[in-house]
Amino acid sequence: MKSAQSWRSIGVSLVDQIDQLSVYEVNDWIRHWRTHNLPLSELSRALWHFVVSPRVRENADMLYERIDMGRALLSLNTSSCTTGWAVVTRLIQRALVMLGQKRIRNTLRTSGQGDLKTAWLTGSLRLAEWHTERQLRLSGPQSVLALTLPHGMPQPVLTFLPSLWQISVQLGQWWPPILEVPDFRLATRAQAQWVSSSHRVTPLVPKTESSGVRAWDPVKYVIDIIQSFPRSDIMTGNLFTCYTQDITGALLDQVARSTSGLSNRRLAALLIEVSAQLIQLTPTIHHHDQFSRHLLALTDWLGISRFACSEQDERLAIWGAWGWFLALSMAYLDPAEGTDTLSLTNLADPESCDEQDLWQALADHNEKDAIEVARKLGDVYQLWQAIEDEALVSLSPAGLRIIWAYKPWLSDKPFHSAWLPAVVRIMAQEPQGMTIHDGE
C-alpha cells in the first residue's frame, strides 16, 4: 500500500488477495494486515464483496452460507465484540471452503431493455442486475424492496429471499460497493431465479378475518390452536407437507377468527410473540438449523412488508408470514404429550441467579436451566448484546439467526420480554460451533 493511498481505495486489491488465499494461509495474511493497521471494517467490506460475487456454479446451500456470513458481519458492525479479527478470520476460511474461489469477476452488461419486474419474471440475470443497479441509483434500496411485493400477492414465502434482501439493504447502506457492482446483485439474481421458477407454491392466506372470538390473551389463544391441532408422523420435518390448505390453511382460518380488530403492526407483533413463547413451551424442536433459517426469513419478510403499496397489500404479506410460520410450527415444533415443559408463570426471584449461571447453562447445553435463568434475568439491552457476542464468537449459525429474528423488534420491548429465552434455548441445543483458537 502506498503512503498516500486510503484504506478504502484498496478494496479491490483486498478482494483479489482473498481470492488467491488457501485456507492455511489466512491466519498469516490476517496478521500481516493487522500489523499494517488495516481497519476491521474495511476488511469486512472486502470479505462481503468476495462472498456475494457470483460463482461459476451456485446452489441454495451457498446462498444460505452467504446469509449466515452476512448476519455475522452485521453483528460485528453493530456490537462491541472484542474478538472481531478472530471472527473475520474464521469467516474467510469458511468462505474459501464453502463458496470456492471460482468467482465471476466482471459485472454482466446488457442494453437494458424492459424493467426490473420483467427481468425477474423472465429469469434474465443480466437484465436483473442492470436494472437493479439503475433502480438503486435513481430511487435507493427501498424502491427495490417495494418491487418484491407485487400487488395482491404475499410473496415470497418458503424461500431464503427475505433474509438476503435485508442483508443487502443493511450492509449496502453502511458500505459503498467496491467498483460499480451493487451489493444487491446476489439478491436480485436470486429473485429472478425464484420468480421464474416452476416450483413456487401458492401463498396461503385466511379466507376471511372476523372478531368471532374475543381472545383475552391472544398469544395463549393462538398457541392453544397450534398445540391442539392433530399431528401425524408424516408431518414431522416435512415443511411442504404441512403447507397445505388442510393443515396450514385450517390453522390460518382459526387464527383469523379473532384478528379483524388488530392493526397491521399488532398482527405482525403477535406473530413474533407467539413464535418466541412457542419455542420455549414446545418439548421437542426438530431440525433447529432449518427452523432457525425459516424463522429469520419470515421475520425479515415482516420488515419488508412495510414497503407494500397499500395497507391491504401489507396485510396480505403479513398473513403470508403467518401461514409460513404455522407450517413451520407443524413441521418442526412437536408438543409431544407426557413431556415436562416450562410454564410461562411462577417466575422465581431474579435475585436468585446472575449472568454466570446463564453462561454455564449454555456451556453445559442445559436448555431448561438456560431458559429459566434468561427469563429471570429479563431482556435488558446489555444482556442481549452479550448473548449476541457469545453466538458470534462461537460462530453458532442457528443462535445468531434467532437473535436477528427478534433483534429488530427490541425497540418495542427493550427492557423485558419473552424473546431472550427463545434465543438461549436454540443456543443450548445447538452443537458446539467452530471455536476460535487463533487469529486473535
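The values are calculated or read from the model by the stated rules, or taken from the named source; none is laboratory data. Remember, it's a predicted structure, so these values are computed and weren't measured experimentally. Methodologically, a virtual Cβ is constructed for each residue, glycine included, from the backbone with ideal geometry; neighbour enumeration extends over all protein chains shown. Just so you know, the surface numbers come from the protein's heavy atoms only, side chains and all, with ligands and any DNA or RNA stripped out. Shrake-Rupley method; radii C 1.70, N 1.55, O 1.52, S 1.80 Å.
Here are some notes:
- For the peptides 64-70, 418-424, the ranking by mean Cβ contacts within 10 Å, running from highest to lowest, is 418-424, 64-70.
- A convex hull fitted to the Cα coordinates of the chain yields 155 cubic angstrom per residue.
- FRET efficiency, 1/(1 + (r/R0)^6) with R0 30 Å, evaluated for Arg231 and Ser143 via beta carbons: 0.10
- Taking the inverse of the mean reciprocal distance over all distinct Cα pairs, the Kirkwood hydrodynamic radius of region 8-99 comes to 13.5 Å.
- For the pair Thr122 and Asn366, a Förster radius of 56 Å applied to the C-beta separation gives a FRET efficiency near 0.60, rounded to the nearest 0.05.
- GNM flexibility winner over the chain from Gln227, Gln113, Gln429 (Cα, springs under 10 Å): Gln113
- Per-atom-type breakdown for the chain gives carbon and sulfur 51% of the accessible area (1.4 Å probe, protein chains only).
- On the basis of the beta-carbon distance and an R0 of 25 Å, Arg200 and Gln173 show a calculated FRET efficiency of 0.30.
- Per residue, the chain exposes an accessible area of 43 Å² to a 1.4 Å probe, with every protein chain left in place.
- GNM on the chain, alpha-carbon springs under 10 angstrom: the most fluctuating residue among Val51, Val213, Val195 is Val213.
- For region 63-98, backbone nitrogen atoms closer than 13 Å to the point 7 Å from Arg34 Cα along Cα-to-C-beta are found at 82-90.
- Rg(Cα) / (2.2 N^0.38 Å) computed for region 295-339, rounded to two decimals: 1.46
- Added length on full extension, which subtracts the Cα-Cα distance from 0.36 nm per residue, Gln20 to His416: 137.8 nm
- A full extension of the chain between Ser13 and Trp359 corresponds to an added length of 120.5 nm, given 0.36 nm per residue minus the alpha carbon distance.
- Proximal aspartates and glutamates relative to Lys413, as straight alpha-carbon distance under 14 Å, when same-chain residues fewer than 8 apart are discounted: Glu273, Asp379
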